[in-house]
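Heads up, the thing below is written out as structure tokens.
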């Protein structure tokens, strides 16, 4: 495994994991009024494009980490719509 691949995996892992505390907090508290749905929508678009880029380049770390990030960020967006009336 090259240094480039290791750095790519670490970068993707850290950026993917960054949203998990927000998801857990929102799920437990059912409060999302301070979370921006526009920001998460833009983030989802960005990581979705990274997945496409990874597919075009055949880069598995980019595809996997951004695919997981897409799912997690989309989950947060769903929580925002589910809990917006409860905030």
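Kindly indicate the residue of region 18-43 that is closer than 21 Å to residue 70 by Cβ and out of contact with any helix residue (DSSP H, G or I) (no Cβ under 9 Å at 6 or more places or on another chain) and also surrounded by the fewest Cβ atoms within 10 Å (Cβ to Cβ) among those meeting that condition.
If we take residues in region 18-43 being closer than 21 Å to residue 70 by Cβ and out of contact with any helix residue (DSSP H, G or I) (no Cβ under 9 Å at 6 or more places or on another chain), then 38 is surrounded by the fewest Cβ atoms within 10 Å (Cβ to Cβ).
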When residues of region 51-86 are filtered for being closer than 19 Å to residue 1 by Cβ, free of Cβ contacts under 8 Å to residues at least 24 places away in the same chain and within 15 Å of the chain's Cα centre (by Cα), how many remain?
1
Among 5, 65, 13, which is part of a helix (DSSP H, G or I), touching a helix residue (DSSP H, G or I) at 6+ places or on another chain (Cβ under 8 Å) and modelled with pLDDT under 90?
5
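The values are calculated or read from the model by the stated rules, or taken from the named source; none is laboratory data. Everything numeric here is computed off the predicted structure, so don't read it as measured data. We place every Cβ from the backbone using ideal geometry, glycine too, and count neighbours over all the protein chains shown.
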